[in-house]
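Let me begin by presenting the structure, written as structure tokens, before commenting on it.
The values are calculated or read from the model by the stated rules, or taken from the named source; none is laboratory data. Source: prediction; values computed, not measured. Note that each Cβ is placed from the backbone with ideal geometry, even for glycine, and that neighbours are counted across all protein chains shown. Quick note on the areas: whole protein, heavy atoms, side chains included, nothing else; ligands and nucleic acids left out. Shrake-Rupley method; radii C 1.70, N 1.55, O 1.52, S 1.80 Å.
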Amino acid sequence: MHIFEFTQQEKEETLVLYNKVRELLDDSLQKGDEQHMRHHLMRAIEEQQMHRNVFGLNPVLLGFQTAQLVVEEIGLRRDAVIAILLRPSVEEGYLTIDDVQADFGESIARILRGLQRIQQLYKKNPVIETENFRNLLLSFAEDMRVILIMIADRVNLMRQIRDTEQLEAKHKVSEEAAYLYAPLAHKLGLYKLKSELEDLSLKYMEHDAYYHIKDKLSETKQSRDAYIERFIKPIEQRLTEAGLTFHIKGRTKSIHSIWQKMQKQKCPFEGVYDLFAIRIILDTPVEKEKMQCWQTFAIITSMYQPNPKRLRDWISVPKSNGYESLHITVLGPEQKWVEVQIRTERMDEVAERGVAAHWRYKGVRSESGLDEWLTNIRSMLETSDGMEAMDQFKMDLYEDEVFVFTPKGDLYKFPKGATVLDFAYHIHSKIGNSCTGARINGKVVSLRQVLQSGDQVEIMTSSNQKPKHDWLNIVKTSRAKSKVRLALKETQVKEGLFAKETLERKFKNRKIELDESIMQVLIRKLGFKEVSDFYRQVANGELDVNHVIDRYVELQQGEQPVTGNNVAESAAHFVLDESRLSHNHTQDDVLVIDKDLKGLDYQLARCCQPIYGDSVFGFVTINGGIKIHRTDCPNAPELRKRFGYRIVKAKWSGKGSSQYTITLRVIGNDDIGIVNNLTSIISKEEKLVLRSINIDSHDGLFSGNLTLMIDDNTQLEALLKKLRTVKGVKQINRI
């Protein structure tokens, strides 16, 4: 971070923006605003208490650029602008929010408090590529202008970092723009800003793809404009002849949406289905709307061949958010597809102003309570003087949900009233079963503690902890309840088996043969209705084993005299049984997952077939299981980029008797005997099994896959060295 100082160019730009913003705000500024603002800014600059950001950009100039954007593009006024300009001073810590409240009022102080709360959320290193984080931001913002300022701030920053050399920071800012800010702008109906964020993030992250599409669009612009004109002209003529009043807008898709189509359809630029779209907006009274829309539809489909699969009728049955329109894709001149949207002025107004109108059908998931709120935002922005309505507008959207962080920044959503124990079971059954409590925001709490939005939760566990029956009253989620029930059942079974083994061992030590039918009679005589209750009391020591054996002997002697049949075969047999028992509990190859978690269920991924000794990581699947991948797995970069929050550390610990499946890809000269030489080497290797071989021969070369069972990567490396010495082998690699 560099100490802040103005360059001459920055001074000139700031002065121009200062006058521009003052002019835009003139009618909303209050007496003393400008004087107070100049005082705070000049003091911060003179005392050099501000710093340039990671890109070396001037915070005051950035503030004025963002201020101009929020006024011109979004329609915000005095409160938002002053909050934007004072934000760097508040973040640097020399201007308090109380100072701001005294000079400018509660409304601006509240905006700054919202920005500060969100800044604190960011310090928890959240994984921002989630719907949950977007919703947590919305619920934390309190004042809607906070989110609008954040979007404008990111748009401005994206504009300014075009030529920066800080490539890593630029990439991070661009990723956030794509994953977080563009979807937020979309939800709020800020379509222009959303498109700019998407296009700029594509430009910075996929430079070649962006310029490839941009160049293609530039090459075809003249012909495209001429084409749209040729397409529209006969339509205008026919609609006018039909006596309709209308206007037509033509447009080309954004670079980002073209790129998305190319990715989705795996096609080149030329293969994008509908580059063109036109909108026919009819000026008609409400009672004639449907009739005239369908009349227009009939005229267009009689002129151009429609694609019936691409018809969308939201006039007969409007969308649940009020969106009404007819969409049809037709085959225009030169066999090019064009999307045509038909609607009235009223419908267009609803679609443009109703900020929830467009985002649902683009696939963004609806959330409880958002619709009504979103539909009102833009009207409130445009109509409220001094933002009185907005000031009263508090966010109670997520009153039924809480969002909490893990220490790594992953974010989870729970129903209101969920506890630490719910959180523990959400992470993993093993964590839940051994949970003793948690640290919430650094403070130790019990497992009964109710979670609050924004909490950072670190679960504490103990190997001595076991699930208890009253846990069913502590957990709130059905998922946790079912896991507690399962754990209680498993505990009961384990205790029963342990008690049974203990009894059998004691019987053998006393050389008494255990007869199951006599034992069943004894259990009833001891007053137990359930066998499981009997074994549970034996396991926890409530029932003395020696007392049980004495009663058993009494019962046995009452029914049957003691004979040689009741004596164990020999001590040697007993010892043999012990060794067999301990063998069953030998830990095989063990993976330590995350922070020293052993014994978790995991599977080895088929895509990269990891073996003992490989560098590996774990990936938490949707159903909660863990798949182990090699760190050089071909799928690893995509998993890390898209699902970084589901990656856990993993390493091998201990070595057991397991063998692993691997596949080797071999390419070589198709010489006589080469395959025999390869298989001969493999067959001579100790503890190595060749499971399958699949060879193709073509033009004097052979290529094929060998599937083997192998102990570990050390044995693999040794084998590869030997196989590479075979004459005629050109290449041999593990797949």
*What's the Kirkwood radius of segment 653-698 in Å, using all Cα pairs?*
12.9
*Two-decimal log10 I(q)/I(0) for segment 499-543, as the Debye equation yields it once each C-alpha is a single scatterer, q = 0.17, 0.18, 0.21 Å⁻¹*: -0.48, -0.53, -0.72
*Kindly sort Tyr210, Tyr612 by accessible area of their heavy atoms, largest first, with the probe set to 1.4 Å.*
Tyr612, Tyr210
*asked:* Could you order the peptides 642-651, 154-163 from most to least packed, using the average number of other C-beta atoms within 10 Å per residue?
replied: 154-163, 642-651
*How many nm separate the modelled label positions at Arg43 and Gln160, each set 7 Å beyond the Cα in the direction of the Cβ?*
2.3
*Zero-based 5 Å bins, Cα pair distances in segment 408-562, whole percents*: 2, 8, 16, 16, 11, 9, 8, 8, 8, 6, 5, 3, 1, 1, 0
*May I ask you to derive the relative contact order of segment 602-735, considering only C-alpha pairs under 8 Å and at least 6 residues apart, and to give it as an integer percent?*
26
*If you plug each phi of segment 441-451 into the Karplus form 6.51 cos²θ - 1.76 cosθ + 1.60 with θ = phi - 60°, what whole-Hz ³J(HN,Hα) values come out, in order, with x for Gly and Pro?*
6, x, 9, 6, 9, 7, 5, 8, 4, 7, 7
*Quick one: what do you get for segment 232-352 if you divide its Cα Rg by 2.2 N^0.38 Å?*
1.09
*Can you list the residues, at least 5 places off or on another chain, whose amide H is less than 5 Å from the amide H of Phe276, using H built in the peptide plane?*
Glu339
*Which percent of the Cα-Cα distances in segment 626-735 go past 17 Å?*
60
*Using modelled backbone amide H atoms (1.01 Å from N, in-plane), which distant-in-sequence or interchain residues come within less than 5 Å of Leu604's amide H?*
Ile628
*When the Karplus curve 6.51 cos²θ - 1.76 cosθ + 1.60 is applied with θ = phi - 60°, which whole-Hz ³J(HN,Hα) does each residue of segment 504-512 get, with x for Gly and Pro?*
4, 5, 5, 4, 5, 4, 8, 6, 10
*asked:* Which order do you get for Ser463, Ser316, Ser325 if you rank them by accessible area with a 1.4 Å probe, largest at the top?
replied: Ser463, Ser316, Ser325
*For Met460, list long-range residues whose amide hydrogen, built 1.01 Å from N in the peptide plane, is under 5 Å from its own amide hydrogen.*
Thr436, Gly437, Ala438, Arg439
_For segment 715-722, 3J(HN,Hα) per residue [Karplus equation, 6.51 cos²θ - 1.76 cosθ + 1.60, θ = phi - 60°, Hz, x = Gly/Pro]_ = 5, 5, 4, 4, 5, 4, 4, 5
